[in-house]
Amino acid sequence: MINIIWVAMTVIGLIFAAANGKMNEVNEAIFHSANEAVTLCIGLISVLVFWLGMMRIAQDAGLLQKLSNLFKPIILKLFPEVPSDHPAVGYILSNIIANMFGLGNAATPLGIKAMEQLKVLNGGKSNASRSMITFLALNTSGLTLIPTTVIAVRMNYNSTGPTDIVGPTLVATICATAGAIIIDRYFYHRRAKKGDK
């Protein structure tokens, strides 16, 4: 479906540009954007490699395990349907920790693995389970301590204070995560009262 939407948007945009005599501007924008995308990617690679290296050091030093142990009781409360020794718990914890350090690209495969494991727990049904909905809400709100990717983008565009975003991002993601948990619990308890668990 997403592919159809993207193709439709592209085709509509090109038809609109051709009808209004703006094809030169479209061509310039395409080449300029492609050039800028490559420059941005190269700028992001260095920062992401640095933070992935830091994550590896933290893992080898046992810091990630300590963080996992710290968050595990919270995760088990948020996901009561998931057994504590199930692989989904490890993937959920890894995804949340990667998101906390702003490593969205590294967190994505872990999130997909967590969803796959939650689907297995759900008996392979096509309908999302309570745990899958909770995980999606948590993953979307994305509590972030260090917004690595945003800092890299700001540095790439010569921001005078690329790390000024850290405080506002922390406040915004704490509010978003708290809101996601509250809304998730509200709708779960509302459904439970109706007997539709």
Self-check item: Single residue of Thr163, Thr149 found to be touching a helix residue (DSSP H, G or I) at 6+ places or on another chain (Cβ under 7 Å), open to solvent by 60 Å² or more (accessible area, probe 1.4 Å) and in the same structural domain as Lys77 (by the TED database)
Solution: Thr163
Quiz item: Is there a residue in region 158-173 that is more than 12 Å from the chain's Cα centre (by Cα) and modelled with pLDDT under 85?
Solution: yes
Exercise. Output the residues belonging to region 132-146 that are hydroxyl-bearing (Ser, Thr, Tyr) and surrounded by fewer than 19 Cβ atoms within 10 Å (Cβ to Cβ).
Key: Thr140
Quiz item: Does Arg130 satisfy the condition of being under 27 Å from Ala152 (Cα atoms) and of a type in the set (Lys, Arg)?
Solution: no
Quiz prompt | Given (1) at pLDDT 90 or above; (2) surrounded by 13 or more Cβ atoms within 10 Å (Cβ to Cβ); (3) more than 30 Å from Thr39 (Cα to Cα), index of the condition Tyr188 fails | solution = (1)
Exercise. With the checklist (1) touching a helix residue (DSSP H, G or I) at 6+ places or on another chain (Cβ under 7 Å); (2) more than 20 Å from Asn156 (Cα to Cα); (3) of a type outside the set (Gly, Ala, Ser); (4) in a helix (DSSP H, G or I) in hand, flag the one item Leu52 doesn't pass.
Key: (2)
Practice problem: Tell me, please, whether a residue that is closer than 18 Å to Met100 by Cβ and under 24 Å from the mean Cα position of the chain (by Cα) can be found in region 24-47. | Solution: yes
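The values are calculated or read from the model by the stated rules, or taken from the named source; none is laboratory data. Please read these numbers as outputs of a predicted model, since none were measured by experiment. When we count neighbours, we look across all protein chains shown, and the Cβ atoms used for this are built from the backbone with ideal geometry, even at glycine. All accessible areas refer to the heavy atoms of the entire protein, side chains included, with ligands and DNA or RNA removed. Shrake-Rupley method; radii C 1.70, N 1.55, O 1.52, S 1.80 Å.
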